[in-house]
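What follows is calculated from the coordinates using simple rules that are stated; it is not laboratory data. Model, not experiment: these values are computed from the prediction. Backbone-built Cβ (ideal geometry, glycine too); neighbour counts: all protein chains shown.
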Amino acid sequence: MTKHTGRANLNRTLLASALLAALNHAGAQEAAGGQQARPSDEGTQSVVVLGSRSSAKTALDTAVPVGLISAKDMQNAGPLELGKLLQTLDPSFNFTSTFISDGTDIIRPATLRGLGPDQLLVLVNGKRRHQQALVNVQQTIGRGSAGTDINAIPLSAIHHIEVLRDGAAAQYGSDAIAGVINIVLKSNVGETQLSGTVGTTSKGDGDLVSGSANTGVALGTDGGYLNLTVEGRHRGETNRAGLDTLRVDPPRVTQRIGDSLAKDAYLWWNAAIPLGKDSEFYAFGGVSKRTGDSAGFFRSAGDGRTVPAVYPNGYLPNIMTTVKDASLAVGYKRDLANDWKFDVSVNHGRSELGFHERNSINVSYWYEPKPGGGIYAESPLEADTGRLKFNQTTFNADLRGPVDIGGAKLLVAGGFEYRRDNYAIEAGDPVSYQYGRTNNPAIKIFDQTGGIAASGAQGFPGYTPGTAVDAGRHNVAAYLDAEHNLTPHLLVAGAVRFEKYSDFGNTTTGKLSMRYDPSRTIGMRGSVSTGFRAPGVQQKFYSSVSTNLNTAGVLTETLTAREGSAVTRAFGISPLKQETSQSGSIGIILRPVTGFSVTADVYRTNIDDRIVFSSNIAPESGACLTAAACPIKAILDPLKVGQAQFFTNAIDTTTDGFDLVADHTTKLSNATLVLSGQLGFNRTKVKSRNSQSPVLTGAQLFDDSQVTLIERGQPRQHHVVGADYTAGAWNVNARANYYGEVQGQGFTAPFIQTWEAKWLVDLTMRYSFSKRFSLSAGLNNVFDTYPTEWDKTKAAPFPQLGFTHCWETCPIGINGRSGYLRADYAF
């Protein structure tokens, strides 16, 4: 394959060729993320509940594509973060690396099938998981979205993971346009599992130390349990910045470009207590605290945003983040007469992200004129810059069971849901946002260059009282699912869901799916559905002032304006409305011989009125004789900011894709070899750019650089091939991930920087001294592969500032090779 393969990977010739290739192979059980389940392996999970409320099925027997990641899959993969592990095992999942992106450095965006983070619904034990407080406002994947903080869930608490790769808003509600991930927690008892890992990169940085303990105890004698997990991890920072040849003399490294320093701690639980033979009370959830230490943009000695008396050589602002996450679900379920089941639950979750700025300064404080003459010549060098909070409470009541209609058995499920979402922004310390101590713009404060001094802390200016908010909304929903075997070989299913929101109205979505198995060796499946996604409360209520680089490499104050604010009203931007989608997929499943299977699925997802973050809207350049000649400048100048951005329903998109999964298991006399291959092709196109503004065109509202980020920011190809060999006490696992090329022009427009397609190879070897104790050694990115370097001429000035590889889109990261040792012990 070449780096240009992805540009034509969805044409009819490729699809036909892939299907013909599938017809030449045969099948076993499909598993996680396209991996295949191995029922013969001890403890391997082989059935899933996602995608149907009727009954558990093997992943190969579902009417829509569902993958399964087992405990063994997780153990044999190198990453200890859930996001990176899913990206390694499932080609439909993307978890791009980010840096110099404020809070996105600690809460990275997770996506499915090339769509947005907030178009993926995450469940835990089948119950909706709350979203994150952070809004991705920097030039990264998922810009303008607030998805689910997937790394808030520790791997050591997870039994298996189900991935539904199909539109499912009618079944599970808003956010399920791209699909659903269901994380099933451990419930084992009578055993304690301990695990410890140490690792580092080949550059000698990014040192990793991690430890976990999972234990389960029986509650009573009727099957009750309490499973507890504690986990802690320390990940050192990495830095792949090059020399800064523009801002310092002699040249030196001025930036931190790589993983931030991170410290993570988790406590999770999963419990159930039988209340008689036919009912039980259950509870699960967890708390986590993660801290990050990342950097902003370097301020050079001659820049107006520094003070020579304090930082004679310039300085690098230090952004400290603290992420607190907590959730608790409690419920009661009961078996009723005639195989009917009832389940009622309440689920509460909250996400909180706090910012603290260090190694910084408020220039306006320092240079502020002092009564009686002179300047104050003092400023704090650190400050709290604010806090984001999101919380969600969901009530569910579900009922399902069989209905006999004229001798035909119809499986029916229905339910009711109430959900309350709330979002809050707390202002930072006054010094983090004020212009001088009085915050009076009429006072002229001049920096060292003679220009107007910058306000607030450098690096990440604080949230102001004007951006503070505490608001929410609620919605109610009712759904009905039905599933019926018209014949022993033909299954049909349908779902319809009605939702009403307190702030923008109601919507109804539906889904139809079919599964036809003319024989055990071949099956066909397909689905069509409509979906929607309500604008998140984060998107409705978020606002801020931040410092970003513009296309000329100049630091500029950027205002993020809230819906209904004076800025959005002046630009004529309408209040947000829901996204709507139409999805369709068709697939084939082949398993003519034992030990081998192939699945192939083609899909399309159309999304209208997609909610995105606008481009940075900057004033017109040049002379402006009248306000009418420069309407953007006339709006922004009174705000005293260099550019503005806001959320808007600006684009319609189409996503086409093709997934091919093959797996072969060979049983030898005393060994097992599993070969697997997963090919993922995906292409998103922006069909139209829409603007309600009389001032801004669609191309201004969502410019070419943002189109490139949506269309080419995530790989159009992601393939995973693997081999797992077990012989006696030894296990060897080799996995190669192919990431197609990605592109970006957010900082280099009109030049489009291409980062070429790359293979990454991971290798793990494990030896089990007994059933209770094993040691593993692994290498991630065995061949020390890095992304393509920046074009030193066309991408200037970023290579000259020290940016060596990628930035706005970085699916493979920039750390290079890393290695680790792991010990597992159970008693």
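Key figures for this structure:
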quantity	calculated
Model label zone, Asn188; criterion: amide N under 18 Å from point 7 Å along Cα-to-beta-carbon; scope segment 136-171	154-162
Per DSSP, loop trypsin sites (Lys or Arg not before Pro) in segment 406-467 with at most 10 further Cβ within 10 Å	Lys444
Relative contact order, percent, the chain [alpha-carbon distance under 8 Å, six or more residues apart]	13 percent
Percent RCO, i.e. relative contact order, over segment 167-307, from Cα pairs under 8 Å lying at least 6 residues apart	17 percent
Centroid-to-centroid separation of segment 464-480 and segment 215-229 [C-alpha atoms, Å]	37 Å
Net charge over other residues, Cβ less than 13 angstrom from the Cβ of Trp269 (K, R count +1; D, E count -1)	0
Trypsin sites (Lys or Arg not before Pro) within segment 707-810: DSSP coil, no more than 14 neighbouring Cβ in 10 Å	Lys771, Arg772, Lys792, Lys794
5 Å-binned pair-distance histogram of segment 277-345 (Cα, whole percent)	4, 12, 12, 9, 8, 7, 7, 6, 6, 5, 5, 5, 5, 4, 3, 1, 0
Descending semi-axes in whole angstrom, ellipsoid equivalent of segment 106-206, from the Cα gyration tensor	26, 22, 11
Approximate spin-label separation Asn440-Arg358, in nm, with each point projected 7 Å along Cα-to-Cβ	3.6 nm
Environment charge of Thr96, counting only residues whose C-beta is closer than 11 Å and scoring Lys/Arg +1, Asp/Glu -1	+1
Residue order, fewest to most surrounding Cβ atoms within 10 angstrom, among Ser565, Ser513	Ser565, Ser513
Distance histogram for the chain (every C-alpha pair counted, 10 angstrom bins, percent rounded to whole numbers)	2, 13, 23, 26, 20, 10, 4, 1, 0, 0
Segment Leu512-Asp335, length gained on full extension (0.36 nm per residue, minus Cα span)	60.9 nm
Separation of the Ser519 and Phe416 label points, Cα + 7 Å toward Cβ, nm	5.0 nm
Residue exposure sequence - Ser187, Ser502 - by fewest surrounding Cβ within 10 Å	Ser502, Ser187
Virtual spin-label span in nm between Ala623 and Val344, 7 Å along Cα→Cβ	7.5 nm
Hypothetical label at Val209: residues of segment 257-280 whose amide nitrogen lies under 13 Å (7 Å Cα-Cβ projection)	263-264
DSSP H segments from the chain that extend 15 Å or more along their own axis, Cα-based, with Kyte-Doolittle mean of 0.5 or above	12-23
Neighbour-count ranking [beta-carbon atoms within 10 angstrom, fewest first] of Leu660, Leu668	Leu668, Leu660
Cβ-Cβ FRET estimate between Leu328 and Val492, R0 fixed at 30 Å, reported to 0.05	0.20
Whole-number percent relative contact order across segment 333-476, with pairs defined as alpha carbons under 8 Å at least 6 apart	28 percent
